[in-house]
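Asks: Could you have a look at this structure, given as structure tokens, before my questions?
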Amino acid sequence: MPRGTSVRHPLAGLTRDFHRIGPLDGRLAPWMCAELDQHAAQVCDGIVAAGGEVTARTLGTYLHGFLDGCLERGWDSAAVEYDWETLRVLAICRLAKERGFVR
């Protein structure tokens, strides 16, 4: 894990649990690959548009804010298998792994 990334970091915890809600490694169905790529691009664009760089810290901050918003709206991750919110979380975890922020 990169220096400065705690095992208590939200990216580490969610990525560790990633296989419970979606594939982290290996082949993805084409539709899921396209969805995750699009979500990841939107996350990166949002971080950069806010004046930041995509780092473990900014991605973790984005994730924290995103999950807070989901919970405020009453989102339940168990309600739908691959809803929009679940795909966004999966994309964030995949992005963190691809960028080497978590293992």
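Asks: Could you please state how large a percent of the accessible area of the stretch 38-86 is carbon and sulfur, counting protein chains only and using a 1.4 Å probe?
Replies: On the way: 1630 of 3030 Å².
The computed percentage sits at 54.
Asks: Net charge around ASP45, counting only other residues with Cβ within less than 14 Å of its Cβ (Lys, Arg = +1; Asp, Glu = -1)?
Replies: Charge balance near ASP45 sits at -1.
Asks: Can you give the accessible area per residue of the stretch 64-103, in Å², using a 1.4 Å probe?
Replies: Numbers: 2290 Å² over 40 residues.
Per-residue accessible area for the stretch 64-103 comes out at 57 Å².
Asks: What does the charge add up to near GLU85, with Lys and Arg as +1, Asp and Glu as -1, over the other residues with Cβ less than 11 Å from its Cβ?
Replies: Taking every other residue near GLU85 into account, the sum is 0.
Asks: Run the numbers for ASP83 and CYS33: contour at 0.36 nm per residue of separation, minus the present Cα-Cα distance, in nm.
Replies: 16.6 nm
Asks: Multiplying the sequence separation of ARG103 and ALA49 by 0.36 nm and subtracting their Cα-Cα distance, what value in nm do you get?
Replies: So the extension gain works out to 16.7 nm.
The values are calculated or read from the model by the stated rules, or taken from the named source; none is laboratory data. Quantities reported herein were computed from a predicted structural model and do not represent experimental measurements. Cβ sites come from the backbone with ideal geometry, for glycine too, and all protein chains shown count toward neighbours. We work out accessible area using only protein heavy atoms, side chains counted, and drop any ligands, DNA or RNA first. Shrake-Rupley method; radii C 1.70, N 1.55, O 1.52, S 1.80 Å.
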